[in-house]
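The values are calculated or read from the model by the stated rules, or taken from the named source; none is laboratory data. Please read all numbers here as calculations on a predicted model, not as lab measurements. All Cβ positions, glycine included, derive from the backbone under ideal geometry; neighbour counts span all protein chains shown.
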Amino acid sequence: MKIYAVRHGQTDMNAKGRIQGSKSDLPLNKTGRKQALDAAKSLSDKGIGLIVTSPMKRAMETAGIIAEQLKIAGSKMVIGTRLRERDFGDYEGRLMSEVDINSLRRWTDNAPTPGGETIRELAARVFEFLDERIEDFERMAASEHFSYLCDEYRKQHGEDSDSDIMFESVERSLKELNDVAILFVVHGHVLRCMHWYFKGLPSGSNATSRDDGGAPTLGEETVIKTANCGFYEFDTEKIPPEMEGFQIVLDRQTLEAKLKRLLKSPYESSYNYGVNLCYMPDDDDFEEVTHEKYSCPVCGDETEHTNGSLWELNGAREALMDITKSRIKIDAMLDEREYCRCCAGKLVKNPQPVFKIRFSPSDQYHEARTGDSDDYRCLIAFVRSLDEYDGAAEWCNPLIDHVDRIVKMTGLCPEIVEDWRKWVKKQKRWQE
């Protein structure tokens, strides 16, 4: 299956040569809208079945114009939060001529921006998004293409065509999905990361690409045009094998910078948690006593627990796998000794896992005794640079409303978070 990636159309900041990252959410200007129309014409014969777009205004507007021109239904447009542009921190809004812009694009340099993301941190969230969703997108695009081929078959053979014969013909056409394509509408740095994902990581100090509309270079290769509405083609069948092993380990400095960026997000005070729960257990649900055996991975001893005590532990184990085995990794472990009669020295009545995290081998572990699934979901979302997480009650929770959970699980920036809490309290009193 083919993938096309298009950079958004021009904005006023682009026209002025200013650095435009995730903090600058501007719409397209007149030139940008014309560029989007031109891009739609270039893509008209590519068989686009699905559009995946960054949530930022300039990308969504570009995607909307292309979708309208290609007659792609709104249901076939997907917004990917992790596809938003890189956070350039203090460089946001500055002229490109004022900073060493090439150092921000080099994979080998991995230069941090003050208060912003490194290129590898950005790449990790883009890679992880593609890992998780690319197969879903292929199925969605194939579904759209299936409907299109059925309509074309009816046009050629009449509305009363035999359905079985039509489906057989269409399914034969879909066995090779080379005619179906997915369009990503993203940003310049995200486009570079997509190129590395599908074509391989760069090597050499000259691994850069340019925004000037010329022919960018990656070592000796000609690669991506990151001019506004320039687009590039990828093949999902040829993902380099080294992508499977790519991970970054987040250190304290990176996570603290991430938390500080989160604290600058708008605070959501309108959410009424604890209301409209989809399920509330009755007392009768816990009348029957169940027994489960816990086998200790340390000493091998078996301890019997009752009434779902291991449910929280299993959830914590799954969360730990997500945290430590993903593209974006932290050094963490679970202490399960409360579940083992031998290791704990007694039978603990209400055992809980202890989550432990450290930021370097020389650090002591920060510990959080919790089996609350929302604590782990919140931490996973934070590590992956998401804006919200899916809570246990099956609604989306803005991460900014749950900073306490992040501090509890990581021990990061307690003094900065305390100042933030005081600011929130003042805001609430002012609103009242």
Open item on the list: Just to be sure I understand, how many residues within the stretch 335-355 are touching a Leu at 6+ places or on another chain (Cβ under 7 Å) and surrounded by fewer than 16 Cβ atoms within 10 Å (Cβ to Cβ)?
Closed with: 0
TODO: Of the conditions (1) within 26 Å of the chain's Cα centre (by Cα); (2) free of Cβ contacts under 8 Å to residues at least 12 places away in the same chain, M409 clears all except one; give me its number.
DONE: (2)
Task: Residues of the stretch 294-323 classified as surrounded by fewer than 17 Cβ atoms within 10 Å (Cβ to Cβ) and closer than 26 Å to S385 by Cβ, total - done: 4
Task: Which listed residue is more than 24 Å from the chain's Cα centre (by Cα) and either modelled with pLDDT under 90 or among the β-branched types (V, I, T) (or both), from L386, L347 - done: L347
- [ ] Kindly indicate the residue of the stretch 325-334 that is surrounded by fewer than 18 Cβ atoms within 10 Å (Cβ to Cβ) and within 16 Å of the chain's Cα centre (by Cα) and also nearest to S385 (Cα to Cα) among those meeting that condition.
- [x] K329
- [ ] Could you grab me the full set of residues in the stretch 104-118 that are among the hydrophobic types (A, V, I, L, M, F, W, C) and modelled with pLDDT under 70?
- [x] W107, A111
- [ ] Name the single residue, out of those in the stretch 72-103 being modelled with pLDDT under 80 and out of contact with any strand residue (DSSP E or B) (no Cβ under 6 Å at 6 or more places or on another chain), that is nearest to E61 (Cα to Cα).
- [x] G74
Task: Condition met for G17 (buried (at least 20 other Cβ atoms within 10 Å of the Cβ) and not hydrophobic (A, V, I, L, M, F, W, C)) - done: no
TODO: Quick one: count up the residues across the stretch 125-137 that are modelled with pLDDT under 85 and among the aliphatic types (A, V, I, L, M).
DONE: 1
Task: Single unsatisfied condition, C396 versus (1) surrounded by 15 or more Cβ atoms within 10 Å (Cβ to Cβ); (2) out of contact with any Leu (no Cβ under 7 Å at 6 or more places or on another chain); (3) at pLDDT below 85 - done: (1)
- [ ] Could you identify the single residue in K46, K57 that is touching an Asp or Glu at 6+ places or on another chain (Cβ under 8 Å) and either free of Cβ contacts under 8 Å to residues at least 24 places away in the same chain or surrounded by fewer than 20 Cβ atoms within 10 Å (Cβ to Cβ) (or both)?
- [x] K57
Open item on the list: Tell me yes or no: at least one residue of the stretch 242-263 is out of contact with any Ser or Thr (no Cβ under 9 Å at 6 or more places or on another chain), in the same structural domain as P27 (by TED's automatic domain parsing), closer than 27 Å to R18 by Cβ and at pLDDT below 75.
Closed with: no
- [ ] Could you pull out every one of the strands (runs of 3 or more DSSP E) wholly within the stretch 1-95 that has 1 or more residues that are among the β-branched types (V, I, T), farther than 22 Å from A124 by Cα and assigned by TED's automatic domain parsing to the domain that holds H189?
- [x] 48-53
Task: Candidates Y376, Y389 - the one that is buried (at least 18 other Cβ atoms within 10 Å of the Cβ), on the phi < 0 side of the Ramachandran plot and part of a strand (DSSP E or B) - done: Y389
